[in-house]
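The values are calculated or read from the model by the stated rules, or taken from the named source; none is laboratory data. All values derive from a computational prediction rather than experimental measurement. Note: ideal-geometry Cβ built from the backbone for every residue, glycine included; neighbour counts use all protein chains shown.
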């Protein structure tokens, strides 16, 4: 053979030695970069012996950035009453163990946390679960308000197999969201582990249908950027993120807990009728059949319109369909509309000239609330 | 932006400029100042075209003595792209011009292509092939046809051509940039033939864009590029294969059916001569007298202007003897006899049993001995044939292609004693049972065809995304550039991830080396690697194999092993075939599969059509896998003759050349996935041999600079790990806060370009 197997000239052996050495060096470089897990290096011990992450500052900065952006977007219209379909990809791609212990377990854990967080931040909203498995989209729970019911169902459904089909997912989710009242904001959040979608038809038609029904679709990818997801989210106005690791996945999913900015066209502004029921007496005096499945229990709430008793708030009355909330729920939802004003950083010199509450502060605080009159200052150490 | 580059005002139609573009301009400007040739490598996706256009047109503006910019491209779409970019540039320049006078000097730029791409005649333009359009055009525009039409209005002519002729000196294009479509529209509007209008306007244009052939192939360039002035700047873009283009321009291949058709052509010619003798013997006599007088110039042959011109002599201009045609072929009948004998001789030579290889000198010696035909006669064969065809007023030239090939062969053999080899093979080495005799006149020296270009023009720029190792090109093409430079791409993130895969999951080495390629384990390892990669990489994956036969073999083995089934579960599989239509269809469906999220794998061949011309940008190619090192078929006679020649003439070692050629093909293949800075992709070099320095170091700088130690010598499982990490990190939002690091503003460029600042490179 010519060329292809061209022999090395005389200095063959030293050459091979050098090559071997290099191969070892390459292997070491690989291990350094990909295999050695020096997670402890990211921790440090403070003076009390507690372990703290090294980049605490970075974390605080990120938190502050979030707050700032929330404050800056205070004038942005947001949808308070959200109807969110969460689609969980449980195809065989979810079984890959590149996240610890496995993608499946991580997704399960993150979503449970998300469901709680979601209802915590949006007590007036509804959520439903759809599972992608074996090429079909299976509706796990209907749109409803109870976090624990969703979590219980999700826990029971955590096993995976087959292909994922985005088209089926979109169709199922869009179908469920089609019939919600006009003031509700329609959203779909897809946790997508697969890298391809096996569809019975053209997925782009499903995207078009979703867009037509004003459904905002967001995707959180678990492995890599998939073109169709990018197209899907861009067309429907959602966001698309790909998780780098377990923690990042959690962040990305939880970003969807606060309500997204709403376009005027998405939902008509209208008055919504709501009831504010009172809690019934606890104990034997209050014993009655409560809720849709008529459990015998005490406490519960009474619907102010039809006197039916419901288990928990917020929910909609299972008899007359009235939305039942309590005032703290409304307040919690409102804080997205009226976020805490942003803090402006004030230099120490300027601060020295100011007299917070007519007292010169001893400690030097870094943050200062942006209030037009600087008569009062908050956050100062009283010492 | 407009900035000063060592005293030259450069108009650049964008707000920012990449640092590498700036350095490229600087290098180019110095070459132009030095009036020398240069060789510049800059990766695709960095805006090479606009950089070139912007600098050279600005240079033309400042130095009116510089001639045209002649921009040579490989394909028509590339040509259109260049013209569109130029359009933008010219608009920008018109807006921001600040020089002497009110407006910038007008610029005329046009693309020139074959009649097939420019014809607007309603019926002729519908013809399928290039040759049929050419001959259709000649039938309507040849001088004698037009003459006949004047006497007899029944004779059909082309209205557009006549329109152009009537307009005569008024037929000019206004300044501007004309793409092929613009030319066609303009031609339709004015009723002028766009092809001949473009040909006519060549002399007045500031920027010309056309195919390599128009510059390199003597058959065409004599016609088109002869009148270009010496001060022109010639640019060869995507020139990594320029040596092959040069060689093809001077090589002739004849098969059995070619010779048989040529023999029939001779008979036809003979009949035509006889007929002509009966009807109009005068014409032949005139021709004879002219030949005697030695007036074989084309201009004298057609007193009437017409569109019938034939392609010109295949030999290079300065090698053509300015003598009269030898006596033994002056008479038409004699020439026919001569041709018949020569074709017979070739036919007889073709009946060999074993491969024969000889130099033109030996071939001529034998020819003289056996047929009493000498080299000088052969040399005139081509001119004599075109003269005869014109005299006989034959327009359907495509019928005479085989005879033209024979004449090409004869002229080249007669003209060149060195740098060529004649190879006669009775069958293809790969299929010894099928008799397929072929005579090849193979040009061995790429510098022959390109030499006149280097000699004639002041500055020749050879540029491409992959020209590595860059110092080999001046040796192969035999010229002395004043500037050789390779530029890296400045990136804001590591959007390229080249990796060298040497081992399978079982740690066994992987290679397409001859003694390993049939190995079961290697085939399985390659297959498993692809299957697992398909599960880790989204959307499109492109694979390149070393040859069609290897691809066929490995794919069928994968099918037997069940690997193909696993692969299809993750992604759809498409395969390139020799058939262009099938491949186009496969590509189309591949793109659809990527668009709709199903994901697909495209299996293709290095050196194939896909590897050379098709981009797999964005999601169409998130990963490219190069299976093996794409060496040429090393047993090929032509390659061996060429290697020998390179060794003897240029002292280039065989293994060096082969490795160079293989690695540049590999680089070309993997470069298909990154077409812009916002793009990202993995490049997997799946062969043990890439680990070795003699291969790896020949890769272009923009690949090796991203080749980290941690990505060398990987096994399949390590590769997957790298792939997952890379895909995740690349999916993160792309931060465009990179101004300053990878972009220069006008002020920064001005500061860098000030003459006070010494060399930057």
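Per-structure values
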item: Considering residues of segment B:702-715 that are out of contact with any strand residue (DSSP E or B) (no Cβ under 7 Å at 6 or more places or on another chain) and surrounded by fewer than 22 Cβ atoms within 10 Å (Cβ to Cβ) only, the residue farthest from the other protein chains (Cβ to nearest Cβ); result: B:705
item: Among (1) surrounded by fewer than 19 Cβ atoms within 10 Å (Cβ to Cβ); (2) in contact with a strand residue (DSSP E or B) (Cβ under 9 Å, 6 or more places away or on another chain); (3) within 20 Å of residue B:230 (Cα to Cα), the one test that residue B:486 misses; result: (3)
item: Residue satisfying all of: in segment A:319-340; at pLDDT 85 or above and in contact with a strand residue (DSSP E or B) (Cβ under 7 Å, 6 or more places away or on another chain); surrounded by the fewest Cβ atoms within 10 Å (Cβ to Cβ) among these; result: A:322
item: Criterion (more than 17 Å from residue A:183 (Cα to Cα) and touching a helix residue (DSSP H, G or I) at 6+ places or on another chain (Cβ under 9 Å)) met by exactly one of A:304, A:314, A:328, A:277; result: A:314
item: Scope segment B:39-56; condition assigned to a helix (DSSP H, G or I) and touching a strand residue (DSSP E or B) at 6+ places or on another chain (Cβ under 7 Å); matching residues; result: B:48, B:52, B:54, B:55, B:56
item: Among the candidates B:456, B:513, residue that is touching a residue at least 12 places away in the same chain (Cβ under 8 Å), at negative phi and within 14 Å of chain A (Cβ to nearest Cβ); result: B:513
item: Qualifying residue in segment B:547-569 (condition: in contact (Cβ under 8 Å) with a residue 12 or more places away in the chain, over 30 Å from residue B:239 (Cβ atoms) and within 14 Å of chain A (Cβ to nearest Cβ)); result: yes
item: Members of segment A:99-134 that are out of contact with any helix residue (DSSP H, G or I) (no Cβ under 6 Å at 6 or more places or on another chain) and closer than 22 Å to residue B:717 by Cα; result: A:100, A:101, A:102
item: Some residue of segment B:681-691 being within 30 Å of the chain's Cα centre (by Cα), more than 8 Å from chain A (Cβ to nearest Cβ) and farther than 26 Å from residue B:524 by Cα; result: no
item: Selection from segment B:490-510 of residues that are at pLDDT 90 or above, surrounded by fewer than 16 Cβ atoms within 10 Å (Cβ to Cβ) and within 14 Å of another protein chain (Cβ to nearest Cβ); result: B:507
item: Condition met for residue A:299 (surrounded by fewer than 19 Cβ atoms within 10 Å (Cβ to Cβ), in contact with a helix residue (DSSP H, G or I) (Cβ under 6 Å, 6 or more places away or on another chain) and assigned to a loop (DSSP other than H, G, I, E, B)); result: yes
item: Unique residue being touching a strand residue (DSSP E or B) at 6+ places or on another chain (Cβ under 8 Å) and outside any loop (DSSP other than H, G, I, E, B) when the list is A:206, A:149; result: A:149
item: Residue check, residue B:533 within 26 Å of residue B:620 (Cα to Cα), touching a helix residue (DSSP H, G or I) at 6+ places or on another chain (Cβ under 8 Å), buried (at least 21 other Cβ atoms within 10 Å of the Cβ) and within 12 Å of chain A (Cβ to nearest Cβ); result: yes
item: Listing of strands (runs of 3 or more DSSP E) fully contained in segment B:420-481 that carry 3 or more residues being more than 21 Å from residue B:27 (Cα to Cα); result: B:420-427, B:435-443
item: Yes/no for residue B:475 being in contact (Cβ under 8 Å) with a residue 24 or more places away in the chain and under 30 Å from residue B:708 (Cα atoms); result: no
item: Considering residues of segment A:232-246 that are part of a helix (DSSP H, G or I) and in contact with a helix residue (DSSP H, G or I) (Cβ under 7 Å, 6 or more places away or on another chain) only, the residue nearest to the other protein chains (Cβ to nearest Cβ); result: A:232
item: Qualifying residue in segment B:52-67 (condition: within 21 Å of the chain's Cα centre (by Cα) and on the phi < 0 side of the Ramachandran plot); result: yes
item: Positions within segment B:572-614 being exposed (fewer than 15 other Cβ atoms within 10 Å of the Cβ) and in contact with a helix residue (DSSP H, G or I) (Cβ under 8 Å, 6 or more places away or on another chain), in sequence order; result: B:578, B:580
item: Qualifying residue in segment A:5-17 (condition: within 11 Å of chain B (Cβ to nearest Cβ), at pLDDT 55 or above, surrounded by 14 or more Cβ atoms within 10 Å (Cβ to Cβ) and within 54 Å of the chain's Cα centre (by Cα)); result: no
item: Qualifying positions in segment B:622-643 - part of a helix (DSSP H, G or I), within 13 Å of chain A (Cβ to nearest Cβ) and in contact (Cβ under 8 Å) with a residue 60 or more places away in the chain; result: B:637, B:641, B:642
item: Matching residues in segment B:143-183 - criterion: being out of contact with any helix residue (DSSP H, G or I) (no Cβ under 6 Å at 6 or more places or on another chain) and assigned to a strand (DSSP E or B); result: B:176, B:178
item: Residue B:410 being outside any helix (DSSP H, G or I), in contact (Cβ under 8 Å) with a residue 12 or more places away in the chain, closer than 22 Å to residue B:217 by Cα and not assigned by TED's automatic domain parsing to the domain that holds residue B:132; result: no
item: Residues satisfying the stated conditions in segment B:284-311, i.e. modelled with pLDDT of 50 or more, within 18 Å of residue B:330 (Cα to Cα) and surrounded by 17 or more Cβ atoms within 10 Å (Cβ to Cβ); result: B:284, B:287, B:290, B:291
